[in-house]
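The structure appears right after this line, and notes come after that.
Quick note: the coordinates plus some simple rules give every number you see, no bench work behind them. Bear in mind the structure is a predicted one, so any value in this text is a computation, not a measurement. Virtual Cβ from ideal backbone geometry, glycine too; neighbours counted across all protein chains shown.
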Amino acid sequence: MTPGVTEEGASMTEHSAGDITTLKGKSDRKSLRKHFYQVRARESTDEGRQAALRDALRNWLGGQNFRVVGLYMPFRGEPDVVDAVLGVIRARAGRAALPVIDSLTAGVMHYALWNGTREELARSECGILEPLCGGRCEPDVILSPCVALNRAGFRLGNGGGFFDRYIKAVRSAGACPQTVAVGYEALVSDSVQAECHDEAFDWIATEAGVRKAERPQ
């Protein structure tokens with residue numbers, strides 16, 4: 001689930017993530033999105049990578065303490081980890097939650113509990129599936145997709161700022177959910193530069209495993 005901005009057509013020639021010159025500014029972020037949308041679309045067709053990512057998240061989550069896990073419904077090439085994560089949640093008698101958009105223009109969302117069935121979902125104005133009647137909640141673990149990310153755990157999203165605003169708000173209120181950026185190794189790039197409104201994620205989940213984000217010393 002990455003609401004707010006539609007994917008742009010890709011016009012860049014394909015490179016590995018590390019071949020892109022570091023870019024700054026909104027226009028350069030737009031160029032990065034075009035490139036990494038292409039990369040993500042390609043990676044999402046590889047079932048081996050998908051399976052490895054699901055296994056990595058399943059194993060990592062099985063070792064965590066949680067009551068509620070904030071999932072996302074995959075949208076336009078985002079990794080689909082829903083069933084794998086739901087299996088762990090149910091085995092641990094936990095709860096699942098999904099984002100609900102409060103304001104598309106302001107980029108504000110909250111999480112609502114979800115029972116894990118597709119019948120309890122409805123499509124929002126931006127095309128994302130949301131719970132029909134789940135109660136508001138604050139997850140202990142938050143899984144977020146990304147267009148790209150860097151090793152420090154800063155994401156390049158679609159530009160709506162939903163996850164960054166939500167995480168900043170709950171952290172400011174004293175909550176400390178474990179935040180996990182979900183993607184592929186090909187999306188990890190030093191070309192992604194943090195901006196003042198970006199929130200650093202604690203963990204990076206790819207087909208290579210789940211690892212702590214590298215914070216500067």
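Which value in Å is the Kirkwood Rh of segment 155-217 over different Cα pairs?
Values: mean 1/r = 0.0786 Å⁻¹.
After inverting the pairwise mean of 1/r, the radius is 12.7 Å.
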Notebook entry, point to check: At what distance in angstrom do the alpha carbon centres of segment 179-217 and segment 124-167 lie from each other?
Noted result: 14 Å
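For Ala52, what charge total do you get from the other residues with a beta carbon under 14 Å from its beta carbon, if Lys and Arg give +1 and Asp and Glu give -1?
Details: positive: Arg49, Arg54, Arg58, Arg211; negative: Glu43, Asp46, Glu47, Asp55, Asp80, Glu185, Glu207.
Net local charge, Ala52 excluded: -3.
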Check: What does the charge dipole of the chain about its Cα centre add up to, to the nearest 20 debye, if the Cβ of each Lys and Arg holds +1 and the Cβ of each Asp and Glu holds -1?
Finding: 400 debye
Check: Of (i) 62, 35, 31; (ii) 45, 38, 36; (iii) 54, 53, 30, which is the value of Cα extents along the principal axes in Å derived from the coordinates here?
Finding: (ii)
Checklist line | Least to most buried among Tyr72, Tyr37 (fewest other Cβ within 10 Å first) | finding: Tyr37, Tyr72
Next item on the list: Can you pull the one-decimal nm distance between simple spin-label points at Cys196 and Arg123, each 7 Å off the Cα toward Cβ?
Entry: 3.9 nm
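Residue separation times 0.36 nm, minus the C-alpha to C-alpha distance between Glu47 and Ser172: what's the value? Mind dumping the intermediate values first?
On the way: separation 125, 0.36 × 125 = 45.00 nm, distance 3.88 nm.
Separation in residues times 0.36 nm, less the Cα-Cα distance, equals 41.1 nm.
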Next item on the list: Could you pull out the GluC sites (Glu not before Pro) across segment 111-195 that fall in loop regions by DSSP (anything but H, G, I, E, B) with no more than 11 other Cβ atoms inside 10 Å?
Entry: Glu125
Next item on the list: Take every Cα pair under 8 Å in the chain that's 6+ residues apart, average their separations, divide by the length, and report that relative contact order as a whole percent.
Entry: 26 percent
Check: Mind checking the dipole of segment 147-208: about its Cα centre, +1 per Lys or Arg Cβ, -1 per Asp or Glu Cβ, Debye to the nearest 20?
Finding: 220 debye
Next item on the list: For the chain, give the share of DSSP beta bridges that are antiparallel, in percent and rounded to the nearest 5; count only bridges with both residues there.
Entry: 55 percent
